[in-house]
Amino acid sequence: MAVAIGDLDNNGRADIVVANSQSNTFTLLLNQGDGTLGGGGPHDSTGEYPAGIAIADVDGNGNRDVVVANRSGGTLSVFRGNGNGTFAAPVQYPAGSQPWRVLPADLDGDGRMDFVVANGPVGGSGFFVLLQQPGGAFASAVHYALGCGDPALALSVRGAITTAGVRHYQTWYRNAAPFCTPSGFNLTNGLSVLWAP
């Protein structure tokens, strides 16, 4: 099970989505503004065994979308939001053998939302990056191996730090215990992925 929070019906209130791993669905709970939630119950079908979920305006149209990482299906399901708590049919993207967590972020500074997906341990621990292309489709997932532990326990992306004209992004993993330091990690347990601006 995974949970994400964001305004999905454009009324200024934070709503909740929950990934239901056993039923291959997610549940949308709309904030009623009085401390209660409505609209519960299985919503749209996702891929097989949804393990991670995120909310972001993927296509930049002002409506927030829902992205689901399907662990057993090896895909991401992208549900484009209509701005009223409903969604278009999902589009599936391959995302490794066991995607557990997904984070949207503009990784290459082009103004389009990309995805970082934690994978593992089956098929190799590490993460995949899917860069959004002009027109809204996503390029094939690129794998970055970590070689240690299970990165799926936690995943976060720091904002860009620009030095000497190079844009730095750091993806952080918390392994089972303790922190591990495979090749490519720095001393603060972050992997720096670099793109020229």
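So between Glu48 and Ala89, what do we pick up on full extension, going 0.36 nm a residue minus the alpha carbon distance?
Working: separation 41, 0.36 × 41 = 14.76 nm, distance 1.58 nm.
Taking 0.36 nm per residue and subtracting the Cα distance, the gain is 13.2 nm.
So how much accessible area does Leu28 have, in Å² to the nearest 10, using a 1.4 Å probe?
Ignoring ligands and nucleic acids, Leu28 comes out at about 10 Å².
About the Cα centre of segment 21-142, what is the dipole size in debye to 20, counting +1 per Lys and Arg Cβ and -1 per Asp and Glu Cβ, all else neutral? Each step should come with its number before you reach the end.
Details: 5 positive and 10 negative charges, 55 e Å.
Charge dipole of segment 21-142: 260 debye, to the nearest 20.
Computed over the Cα atoms of segment 42-103, what is the ratio Rg over Rh, Rh following Kirkwood? Write out the running numbers ahead of the final one.
Values: Rg = 11.0 Å, Rh = 11.5 Å.
Rg divided by Rh gives 0.96.
Assuming 0.36 nm per residue, please report the length gained on full extension of the stretch Ser23 to Ala139 beyond their Cα-Cα distance. Don't jump to the answer; show the numbers that get you there.
On the way: separation 116, 0.36 × 116 = 41.76 nm, distance 2.88 nm.
So the extension gain works out to 38.9 nm.
Rg over Rh of segment 1-109, using C-alpha atoms and the Kirkwood radius, what does it come to?
Details: Rg = 13.2 Å, Rh = 13.7 Å.
Computed over Cα atoms, the ratio is 0.96.
So, counting K/R as plus one and D/E as minus one, what does the shell of residues with Cβ under 10 Å around Gly39 add up to? Mind dumping the intermediate values first?
Details: positive: none; negative: Asp9, Asp15.
Result for the neighbourhood of Gly39: -2.
How far is it, in nm, from the label point at Asp59 to the one at Gln32 when both lie 7 Å from their Cα along the line to the Cβ?
The answer from the label model is 3.1 nm.
The values are calculated or read from the model by the stated rules, or taken from the named source; none is laboratory data. Keep in mind the model is a prediction, meaning the values are calculated, not measured. All Cβ positions, even for glycine, are placed from backbone atoms using ideal geometry, and neighbour counts span all protein chains on display. With ligands, DNA and RNA removed, areas are computed over all heavy atoms of the protein, side chains included. Shrake-Rupley method; radii C 1.70, N 1.55, O 1.52, S 1.80 Å.
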